[in-house]
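The values are calculated or read from the model by the stated rules, or taken from the named source; none is laboratory data. Since we're looking at a predicted model, the values are computed, not measured. Reconstructed Cβ throughout: ideal geometry from the backbone, glycine too, with neighbour counts over all protein chains shown. Side chains are part of the model used for accessible areas, which takes the heavy atoms of the whole protein and leaves out ligands, DNA and RNA. Shrake-Rupley method; radii C 1.70, N 1.55, O 1.52, S 1.80 Å.
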Amino acid sequence: MNSQIELDSIIEVINRAEKIGIFTHVSPDGDAIGSSLALYLGLKQLKKDVDVIADEYSRCFNFLPYREEIKAKGAKEYDLAIALDCASKGRLFDPKNSFDNSAVTVSIDHHSSNTYFADYNYVEENSPAASKTLIKILKRLNISINKEVGTCLMSGIITDSGGFRYNTVDDETFEFAAQMLDVGVNISDIYYRTFDVKTKAQFELSSIANARLKFYSNDRIALTYVTSQDLKKVKAMAGDHEGIVNTGRNIEGVEISIFLREDVDGTYKVSLRSNDNVNVSEVAEAFGGGGHDRAAGCVIDLPLDKAIKKLIKEATRRL
Ligand code: 5GP
Ligand code: MN
């Protein structure tokens with residue numbers, strides 16, 4: 001449903017707007033923060049009055065340029081509100097409900113479960129990152145993708161593609177990375193900071209999760225969890241659980257990896273990953289969640305043992 005008309009309209013409404021708010025999903029990851037800051041810097045080049053609004057994010061992104069400009073709350077309304085990397089209204093971090101109050105809304109995304117919730121929607125399902133989808137829009141707006149904009153975009157692309165490893169990575173992605181090296185983006189440093197460096201809490205939390213990992217369905221499903229007590233014990237901060245779900249996926253023979261993280265309200269935030277065959281976004285959708293074919297998530301409000309039982313049942317059906 002991505003017509004050229006939709007893209008043309010988005011360019012037109014951005015050019016016309018003066019006061020613009022940029023929003024992204026709750027628990028923002030590298031693509032959420034990277035694409036938001038890239039668009040913020042780009043719109044600043046166009047002399048727009050821009051706010052970027054986002055929730056707390058992992059400390060590993062504390063190298064991104066202009067991150068101190070991110071606001072926890074924005075204005076009540078904007079001429080234009082843009083949602084990045086967000087599949088649905090329910091997932092949007094918007095403490096003041098300004099998205100709905102704004103005159104015009106746009107969504108730029110790459111989730112196959114996107115609900116087309118804005119006035120104008122540009123969704124590339126096969127894009128490795130919202131940051132990659134955004135490039136086309138920045139170019140159409142004649143925004144210069146300099147070292148700062150490029151650092152934000154590459155951080156989104158690298159983290160959301162597992163370091164160029166997922167099958168959504170195409171020739172354009174590598175060509176863009178090569179261009180970014182030319183403008184001075186330090187790709188190896190982004191890799192090091194986002195994949196290699198771990199906080200102490202992150203290390204301790206993954207040790208707990210590794211010790212608890214169990215196999216199901218002839219070892220084709222790996223599952224582990226952390227409780228809110230574990231999170232308290234290791235003094236976990238935003239993002240310290242990142243990466244735990246990948247351990248299960250990287251075990252030979254495992255097709256689906258599941259990780260549950262208990263929230264303070266007793267619900268479980270579930271992360272699902274798959275390797276080759278299973279569309280885990282379907283598993284997540286069975287619990288009201290969503291995501292991508294190979295990475296999805298949902299929230300389950302059940303006791304741990306029941307949540308695990310239901311998840312294994314839904315995942316096993318799709319093996
Ligand atoms: P993660 O496991 O890293 O939190 O999320 C993996 C993917 O699933 C992301 O693209 C994220 O947007 C999506 N996702 C995670 N949790 C939810 C959820 O509760 N609902 C929906 N619709 N998508 C989710
Ligand atoms: Mn993304």
_Using a Cα-Cα cut-off of under 16 Å, which lysines could be cross-linked to LYS132, ignoring same-chain neighbours fewer than 8 residues away?_
LYS147
_Quick check: with the 1.4 Å probe, what order do GLU18, GLU285, GLU124 take by accessible area, largest first?_
GLU18, GLU285, GLU124
*With a point put 7 Å past each Cα toward its Cβ, work out how far ALA103 is from SER228 in nm, to one decimal.*
4.3 nm
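What value in Å³ per residue do you get for the convex hull of the alpha-carbon atoms in the stretch 202-319? Walk me through the numbers on the way to the answer.
Working: hull volume 10.8 nm³, N = 118.
Considering the Cα atoms of the stretch 202-319, their hull volume per residue is 91 Å³.
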_Residues listed by number, the stretch 110-146, amide nitrogen under 12 Å from ILE11 label point at 7 Å toward C-beta_ = 136-143
_Whole percent per 10 Å bin, from 0 to the bin with the longest distance: what is P(r) over all C-alpha pairs of the stretch 88-220?_
10, 30, 30, 23, 6, 0
*asked:* Just to confirm the filter: which trypsin sites (Lys or Arg not before Pro) across the stretch 77-180 are DSSP coil and have at most 12 other Cβ within 10 angstrom of their Cβ?
replied: ARG165
*Once the piece of chain linking ASN186 and SER207 is laid out straight, how much longer is it, given 0.36 nm per residue of separation minus the C-alpha distance between them?*
4.5 nm
*Name all residues of the stretch 201-218 having a backbone nitrogen under 11 Å from the label point set 7 Å from the Cα of LYS235 along its Cα→Cβ direction, giving them as ranges.*
201
*Helix-only mean residue ellipticity at 222 nm for the chain, each DSSP H run of n ≥ 4 adding -39500 (n - 2.57), per residue, nearest 500*: -11000 deg cm²/dmol
*Any idea how far the Cα center of the stretch 70-111 sits from the one of the stretch 238-302, in Å?*
25 Å
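Run the numbers for GLN179 and SER144: contour at 0.36 nm per residue of separation, minus the present Cα-Cα distance, in nm. Mind showing how you got there, number by number?
Details: separation 35, 0.36 × 35 = 12.60 nm, distance 1.23 nm.
Computed gain between GLN179 and SER144 is 11.4 nm.
How much net charge surrounds VAL185 when only the other residues with a Cβ under 11 Å from the Cβ of VAL185 are counted, with Lys and Arg +1 and Asp and Glu -1?
Working: positive: LYS147; negative: GLU148, ASP182, ASP189.
Counting the neighbours of VAL185, the net charge comes to -2.
Give, as a single signed number, the net charge of other residues whose beta carbon lies under 13 Å from the beta carbon of LEU213, with Lys and Arg counted +1 and Asp and Glu -1. Let's see the in-between values first.
Details: positive: ARG212, LYS214, ARG249; negative: ASP219.
Local net charge: +2.
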*asked:* How tilted is helix 130-140 with respect to the longest principal axis of the chain? Cα atoms for both, answer in degrees (0 to 90, nearest 10).
replied: 10 degrees
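Any idea what the alpha-carbon Rg over 2.2 N^0.38 Å comes to for the chain? Show your work: numbers first, answer last.
Values: Rg = 19.3 Å, N = 319, 2.2 N^0.38 = 19.7 Å.
This ratio for the chain stands at 0.98.
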*Leading residue at positive end of dipole, the chain (Cβ point charges), from GLN229, PRO28, ILE145*: GLN229
*asked:* Around LYS309, under 14 Å between beta carbons, what's the net of Lys plus Arg minus Asp minus Glu among the other residues?
replied: +3
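Could you give the Stokes-Einstein D for the stretch 229-287 in µm² per second, using the C-alpha Kirkwood radius, 20 °C, 1.002 mPa s?
Numbers: Rh = 12.8 Å.
Stokes-Einstein gives a translational diffusion coefficient of 168 µm²/s.
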